[in-house]
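Down below is the structure, laid out as structure tokens.
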Amino acid sequence: MSDRCRVTSKPQRRIPVVPIAGIAAAAVLALGIHGRMAPAAGAHATYAGTGGIENTELFDAAAEASYAPSLLFPSELVPSNPDWPQVSGAQKPSRSVMGELIEATRAIEDEGYEVGYALLDLDTGATVTYNADTAFYSASSIKGPYVTSVVEYELGDAVKSDASRISAILEYSDNAAYSTLRDAYGNTPFAKLVEATGAASLPSHGATDAVDAAARIQSGASIADNKYEFFTPNQMLALWKGCYEYLSGGSAGAEWLASEFEKPETSAIRVTAGSLGTTWSKAGWYPDEESGYGTTVDAGAVRTGDGDFLIVVMTTMPEDFTTMETIVSPLITLRASLVA
């Protein structure tokens with residue numbers, strides 16, 4: 001259920017620098033460079049070394065374990081944002097899957113939209129990020145962390161006293177149920193979650209000028225004060241890390257709430273990763289393109305036999321979960337190659 005109703009015209013399509021069909025092949029070619037890797041001990045391994053074309057540096061010295069854009073792309077394919085994609089982990093990423101992720105990302109941007117994502121493997125510390133400090137309208141994705149904060153800090157094992165309202169929010173994204181829950185419990189439980197996770201202290205800048213303008217008119221000073229908010233992928237990831245810690249804690253209230261997160265009616269994460277194990281997710285969407293509120297978002301946790309991970313994908317696309325799946329799928333596959 002969207003949080004606003006006005007639908008406006010689609011923004012003008014960008015003219016791509018090169019045909020989309022050649023992006024994956026070019027990216028794969030660019031990644032086919034052999035270098036020396038020296039992973040450090042521990043979950044957050046680092047890389048060092050040079051190699052490839054005329055001893056070009058394989059990794060950016062200023063960004064630990066981040067692949068140099070000059071090696072990910074031929075010069076004509078280097079995106080306007082030189083920081084993407086950033087990959088860290090104990091293994092070199094799959095070239096073919098990296099190419100798929102790059103192609104899906106560029107396809108969204110070539111349609112005139114912005115996209116950002118963050119993935120964290122909770123066992124190894126491996127990460128994949130792009131535009132992770134860029135803010136997007138949360139729409140209903142905020143409901144997941146907010147509901148978790150209410151159960152963790154207010155209801156506890158008595159969660160079933162408000163079961164009907166919580167189920168409506170998480171399964172059907174019921175706006176009326178969310179509004180009344182927020183009115184009943186206020187901002188305090190969410191403020192506790194925001195503080196515990198450090199989400200408010202993370203850097204943030206709007207995905208577009210329109211997003212910046214929309215964010216400035218929010219009535220609350222803190223990201224915990226508004227029923228709907230503008231978050232970055234890193235902020236949403238931090239909030240979901242706090243949610244994960246509570247949901248996996250084993251209390252009766254947490255176990256019931258976790259079961260509710262498994263069955264959202266709309267979620268690219270559930271559709272894409274459901275066969276891998278258990279998913280806990282909450283999506284958000286809104287169909288307006290020009291006001292700064294247009295968005296498709298999905299965020300949550302995936303629990304599998306080879307470890308658990310968090311994933312957040314945020315865009316300025318208006319309600320398009322089919323395209324969202326084109327980002328979620330290679331991110332999940334790429335994560336598998338990083339921890340294999």
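The values are calculated or read from the model by the stated rules, or taken from the named source; none is laboratory data. Everything quoted here is computed from the prediction, not taken from an experiment. Cβ atoms come from the backbone with ideal geometry, glycine included; neighbour counts cover every protein chain shown.
In this structure, does residue 274 turn out to be surrounded by fewer than 24 Cβ atoms within 10 Å (Cβ to Cβ) and in contact with an Asp or Glu (Cβ under 7 Å, 6 or more places away or on another chain)? First the steps, then the outcome.
On the way: surrounded by fewer than 24 Cβ atoms within 10 Å (Cβ to Cβ): yes; in contact with an Asp or Glu (Cβ under 7 Å, 6 or more places away or on another chain): no.
Answer is no for this residue.
Collect the residues in segment 97-123 that are crowded, with 21+ Cβ neighbours inside 10 Å and farther than 19 Å from residue 326 by Cβ, keeping them in residue-number order.
120, 121 - these are the residues of segment 97-123 that are crowded, with 21+ Cβ neighbours inside 10 Å and farther than 19 Å from residue 326 by Cβ.
On the basis of being farther than 27 Å from residue 224 by Cα, more than 17 Å from the chain's Cα centre (by Cα) and at pLDDT 95 or above, does residue 107 make the cut? I'd like the intermediate steps shown before the answer.
Values: farther than 27 Å from residue 224 by Cα: yes; more than 17 Å from the chain's Cα centre (by Cα): yes; at pLDDT 95 or above: yes.
Yes; evaluated as a whole, the condition is true for this residue.
Checking residue 198 against (1) in contact with a strand residue (DSSP E or B) (Cβ under 6 Å, 6 or more places away or on another chain); (2) at positive phi: exactly one of these is not met. Which one?
So the condition that residue 198 fails would be (1).
Please name all residue pairs, on different chains or six or more residues apart, with Cβ atoms under 6 Å, provided the first residue is in segment 138-163 and is touching a residue at least 24 places away in the same chain (Cβ under 8 Å) and among the polar types (S, T, N, Q) and the second residue is part of a helix (DSSP H, G or I) and crowded, with 24+ Cβ neighbours inside 10 Å.
Matching pairs, first to second residue: 148/243; 149/190.
List the residue pairs whose Cβ atoms are under 6 Å apart, where the first residue sits in segment 185-198 and is without any contact (Cβ under 8 Å) to a residue 40 or more places away in the chain and in the same structural domain as residue 224 (by TED's automatic domain parsing), the second is part of a helix (DSSP H, G or I) and among the β-branched types (Val, Ile, Thr), and the two are 6 or more positions apart or on different chains.
Pairs found: 185/150.
Count, please, the residues in segment 185-202 that happen to be over 22 Å from residue 161 (Cα atoms) and polar (S, T, N, Q).
Restricting attention to segment 185-202, the residues satisfying the condition of being over 22 Å from residue 161 (Cα atoms) are 191, 194-202.
Now drop any that are not polar (S, T, N, Q), which leaves 197, 201.
Adding up the residues that qualify gives 2.
Tell me, yes or no, whether segment 228-237 has at least one residue that is at pLDDT 95 or above and more than 30 Å from residue 103 (Cβ to Cβ). If you could, list the steps in order and put the result at the bottom.
We begin by selecting, within segment 228-237, every residue at pLDDT 95 or above; these are 228-237.
Still in the list and also more than 30 Å from residue 103 (Cβ to Cβ): 228-229.
Checking segment 228-237: at least one residue is at pLDDT 95 or above and more than 30 Å from residue 103 (Cβ to Cβ).
Can you tell me which residues in segment 188-216 are part of a loop (DSSP other than H, G, I, E, B), of a type in the set (S, T, N, Q) and in contact with a helix residue (DSSP H, G or I) (Cβ under 9 Å, 6 or more places away or on another chain)?
Listed by number, the list holds a single entry, 204.
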